[in-house]
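Notes to accompany the following structure.
The values are calculated or read from the model by the stated rules, or taken from the named source; none is laboratory data. Bear in mind the structure is a predicted one, so any value in this text is a computation, not a measurement. Please note: Cβ atoms are built from the backbone with ideal geometry, for glycine as well, and neighbour counts cover all protein chains shown. When the accessible area is computed, the model is the full protein with side chains, heavy atoms only, and any ligands, DNA or RNA have been set aside. Shrake-Rupley method; radii C 1.70, N 1.55, O 1.52, S 1.80 Å.
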Amino acid sequence: MPGDESKTAKKLPVKRPRAGMPAQDPKQRAHNFNEVALGYQEEVAVGEAERCLQCKNPTCREGCPVEVKISEFVGQVRDRDFRGAYESLKDTNSLPAICGRVCPQETQCEVKCVLGKKGEPVAIGRLERYVADWAMSQGLAKPKRATPNGKKIAIVGSGPAGLTCAGDLAKAGYQVTIFEALHAPGGVLIYGIPEFRLPKAIVAEEIRGLEDLGVEVRCDVVVGRTITVDELFDDGFDALFLGTGAGLPMFMGIPGETLNGVYSANEFLTRTNLMKAYLFPDWDTPIKIGKKVAVIGSGNVAMDSVRCSLRLGADQAMIVYRRSEAEMPARKEELEHAKEEGVVFHTLCSPVGILGNDEGWVTGLECVRMELGEPDASGRRRPIPIKGSEFTLECDTVVMALGTTPNPLVSQTTEGLEVDKHGCLVTRDESGLTTRDLVWAGGDAVTGAATVILAMGAGKKAATAIDSALRGK
Amino acid sequence: MFKILMKRELTPVTKFFVVEAPMVARKAQPGQFVIVRVTGNGERIPLTIADSEAGAGTVTIVIQEVGKTSRLIGALKEGESILDLVGPLGRPCPLTDRGPVVLVGGGFGVAPIYPIAKALRAKGVKVVSIIGARTHDLLILEPEMASVSDELLVATDDGSKGHHGFVTDILKQLIEAGRDIEHVIAIGPMVMMRAVAKTTEPFKVKTLVSVDPIMVDGTGMCGACRLTVGGEVKFACVDGPIFDAQLVNWEEAVRRGKMYAGEQKLAIEKMEKEQLSGKCACGCGGGH
């Protein structure tokens with residue numbers, strides 16, 4: 001075992017450039033839904049892990065919302081102890097195959113890597129993905145279930161926050177039931193993030209891992225409609241975690257938004273990803289994709305939508321954004337991928353209306369050019385319309401990717417559960433305790449639309465708090 | 001999985017199912033709907049709840065075979081199961097304490113009118129029901145409607161039963177005869193509901209309808225079901241499906257309802273071709 005040697009002889013870090021991520025050719029991948037990033041091979045992973053300085057006081061871990069033991073698992077990869085690396089990952093992170101793919105490591109763990117100060121940080125995310133994929137390919141044995149402590153927890157929503165909370169509580173011996181409104185679990189991981197960034201089989205596998213821990217997943221239950229929070233307590237649940245996400249789409253309120261061919265990004269992505277419209281008519285859900293698709297917005301959801309539209313067969317896929325590229329909220333990697341695939345960017349351009357033909361189908365987007373003024377409350381420079389600069393952008397599909405707000409179905413039906421003016425659940429402390437006793441919340445339902453890993457961090461904190469609250473009882 | 005406990009064929013293309021769904025049954029109220037999916041690669045379609053029994057844990061749905069999914073549901077037998085059934089969704093129909101209320105059901109829209117009639121009757125409100133169909137063979141749930149209505153009037157387009165003409169003719173006669181009408185609730189095909197709205201408008205009789213737009217999730221997430229009501233964009237799944245008929249932008253609602261007409265046709269053609277070649281249409285690999 002190479003691992004034995006490593007325990008005795010300290011290995012020195014190897015100086016070499018950060019290993020690039022192999023990817024499908026942009027020309028090819030723009031027309032299929034297969035995963036873009038192909039993953040490291042073993043030698044590349046080990047080579048990348050050898051770059052790690054194995055700092056005595058590693059700072060990388062501070063950057064991780066779920067506190068992955070980064071230097072530990074990277075050291076194990078270096079020593080080719082992949083099983084050990086997987087166990088280290090799983091110790092604090094229930095969903096490593098997902099995090100390794102969709103976390104913005106460049107602003108989390110990797111930004112804290114000492115190597116990054118003078119050169120490039122260790123590719124922590126890519127190594128995490130390598131280890132998680134290795135474990136899946138090995139079909140690792142089912143984890144040992146914790147001794148049941150007799151307490152029941154209901155988790156509302158099976159997105160990243162709920163799954164993480166469920167995993168941690170199941171490991172601590174709780175009987176956990178996840179309630180999901182859709183027909184399949186995963187939340188935004190399956191309806192929002194496209195197959196080419198996060199294969200759905202990977203999500204299903206991670207959820208199967210939670211089921212192996214004893215977590216029960218009940219789909220087709222809309223909490224707030226099928227059952228209320230109070231009824232869940234009546235049914236014997238000792239505590240609740242609300243990970244209901246930010247599922248309501250925003251529209252601009254401009255003329256023409258109800259024309260045929262106008263989608264919210266939520267609908268566009270749900271049809272494409274969850275309902276697999278790209279396989280119509282073998283799958284039953286259709287999608288209308290024109291020759292020219294205009295996606296309004298510039299966050300990750302906008303990038304996902306515009307890249308999906310290329311794969312669905314659009315000749316031209318465009319981003320329409322009112323500020324400049326510097327202000328775009330999307331991850332840099334997503335932006336670059338979109339550019340490589342041929343997405344056209346119309347920046348400093350704001351839609352003022354959608355035009356349609358006599359049959360009510362979209363024919364174009366009426367826009368006005370913008371210039372940037374002083375920074376606004378968000379710190380980004382405020383876009384100001386340039387008078388007389390109106391023009392029409394020809395298109396036959398419009399996707400509104402302007403952000404989302406939390407769904408009010410739970411808060412409207414739960415007395416004492418407060419929300420703020422944005423519809424986000426109000427929390428009383430860091431752990432996500434809501435204004436109702438024994439009800440915690442986390443993820444987008446609390447913060448508004450944010451990232452998978454922040455939601456997971458919130459799920460984790462809530463799990464710790466739920467455990468300590470119920471232990472005291 | 002949601003087991004079908006009872007199936008009735010109301011017409012050759014209209015099927016009535018009593019389905020085991022205790023959690024939905026416990027909550028269902030008149031006017032609400034469920035979203036149903038029948039195969040692993042199937043679409044999600046909304047169906048208005050036609051009845052529910054909390055004690056028995058059952059929900060009744062009625063489908064009219066139009067597209068691929070409704071045909072697949074129609075082909076299910078007693079003892080078989082519906083893969084997914086989620087609800088109850090949408091806001092319940094407001095139920096007045098004082099009548100009389102005139103209920104208008106057209107085609108398979110009679111099915112969702114039934115639980116409203118039943119609930120109003122249970123509150124002691126006088127119910128006058130007008131139900132109609134193209135021809136008497138397509139008229140559904142007449143005895144059931146008779147049992148929950150103080151007065152039941154029937155219209156068929158071809159005159160094979162009841163009034164020869166449309167439900168709106170009878171409605172107009174009632175209004176013109178000066179009958180006491182608290183309000184009207186109409187459910188049926190979009191064109192029929194629009195005609196009811198036009199009929200009552202000049203008389204300023206409050207009229208509610210249950211719209212049936214295309215939906216995906218049914219919980220406010222996608223916005224496929226948006227329509228303009230009183231100049232504002234509403235989501236039928238969470239703001240409706242019951243709206244004031246006079247405020248609905250019907251032209252837009254009808255147009256949006258046809259958004260995937262071409263795809264629906266394609267799916268049916270593919271299904272029929274596969275059935276001819278002995279393959280199943282649901283993708284299960286079997287021969288049913």
Over the range A:272-354: Rg over Rh, Cα atoms, Kirkwood Rh: 1.00
Could I have the simple spin-label model distance between A:V114 and A:H422, label points 7 Å from Cα toward Cβ, reported in nm to one decimal? 3.7 nm
Find how much the distance from B:L247 to B:R98 grows on full extension, using 0.36 nm per residue of separation minus their present alpha carbon separation; answer in nm with one decimal. 51.3 nm
Mean projected area (nm²) of the alpha-carbon convex hull when chain B is viewed from all directions: 14.8 nm²
Each label point is 7 Å from the Cα along the Cα-to-Cβ direction; what then is the distance between the points at B:K77 and B:M6, in nm? 2.0 nm
Along the Cα-to-C-beta direction of A:S468, a point sits 7 Å from the Cα; which residues of the range A:85-105 have their amide N less than 20 Å from that point? A:92-93
Extension length gain for B:D180 and B:R91 (0.36 nm per residue less Cα distance), in nm, is 29.3 nm
Computed over the Cα atoms of the range A:305-353, the Rg and Dmax in Å are 11.0, 31
Scale the Cα Rg of the range A:16-123 by the rule-of-thumb value 2.2 N^0.38 Å and send over the ratio, two decimals. 1.10
Given chain A, longest segment not containing exposed loop GluC sites (Glu not before Pro) (DSSP; at most 12 other Cβ within 10 Å): A:1-358
The protein assembly as shown: calculated mean residue ellipticity at 222 nm from DSSP helix runs of at least 4, using -39500 (n - 2.57): -8500 deg cm²/dmol
Please work out the FRET efficiency for the pair B:K198 and A:Q316, using the Cβ-Cβ distance as r and a Förster radius of 56 Å; give the result to the nearest 0.05. 0.85
Between A:E67 and A:A204, take the C-beta separation as r, use R0 = 30 Å, and let me know the FRET efficiency to the nearest 0.05. 0.70
Using every alpha carbon pair in the range B:150-270, what percent of pairs falls into each 5 Å bin from 0 up to the bin containing the largest distance? 2, 10, 18, 19, 16, 13, 12, 7, 3, 1, 0
Counting heavy atoms of the protein chains only and a 1.4 Å probe, report the per residue accessible area for chain A as a whole number of Å². 42 Å²
Relative to the present Cα-Cα distance, how much length would full extension add between A:L279 and A:I384 at 0.36 nm per residue of separation? 33.6 nm
Across 5 Å bins beginning at 0, the whole-percent shares of Cα-Cα pair distances in the range A:331-473 come to 2, 8, 11, 12, 13, 13, 11, 11, 9, 6, 3, 2, 1, 0
At q = 0.25 Å⁻¹, base-10 log of I(q)/I(0) for the range B:27-112 (Debye sum, equal scatterers on each alpha carbon): -1.42
Expressed as a fraction of 2.2 N^0.38 Å, the rule-of-thumb size for a compact globular protein of N residues, what is the C-alpha radius of gyration of the range B:118-160? 1.24
P(r) of the protein assembly as shown over all Cα-Cα pairs, 20 Å bins starting at 0, rounded to whole percent, reads 16, 45, 31, 7, 1, 0
Carbon-plus-sulfur fraction of the accessible area of the protein assembly as shown, 1.4 Å probe, in percent? 51 percent
For the Cα atoms of chain B, what angle does the longest principal axis make with the long axis of helix B:110-122, in degrees from 0 to 90, nearest 10? 50 degrees
What is the mean number of Cβ atoms from other protein chains located within 10 Å of the Cβ atom of each residue in peptide A:256-268, rounded to a whole number? 4
Output the residues of the range B:30-58 meeting this criterion: accessible area (heavy atoms, 1.4 Å probe) in the chain alone minus accessible area with all protein chains in place is 50 Å² or greater. B:N41, B:E43, B:R44
How many nm is it between the label spots at B:A261 and A:K339, if each spot is 7 Å from the Cα in line with the beta carbon? 4.4 nm
Per principal axis, descending, Cα span of the range A:194-296 in whole Å: 52, 33, 22
Calculate, axis by axis, the spread of Cα positions in the range B:63-144 along the three principal axes, and write the results as whole Å, longest axis first. 41, 33, 21
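From the convex hull of the Cα coordinates of the range A:81-217, what is the mean projected area in square nanometres?
Dividing the Cα hull surface by four gives the mean projection, 9.0 nm².
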Counting only heavy atoms of the protein chains, get the accessible area per residue of chain B (1.4 Å probe) and round it to a whole Å² value. 40 Å²
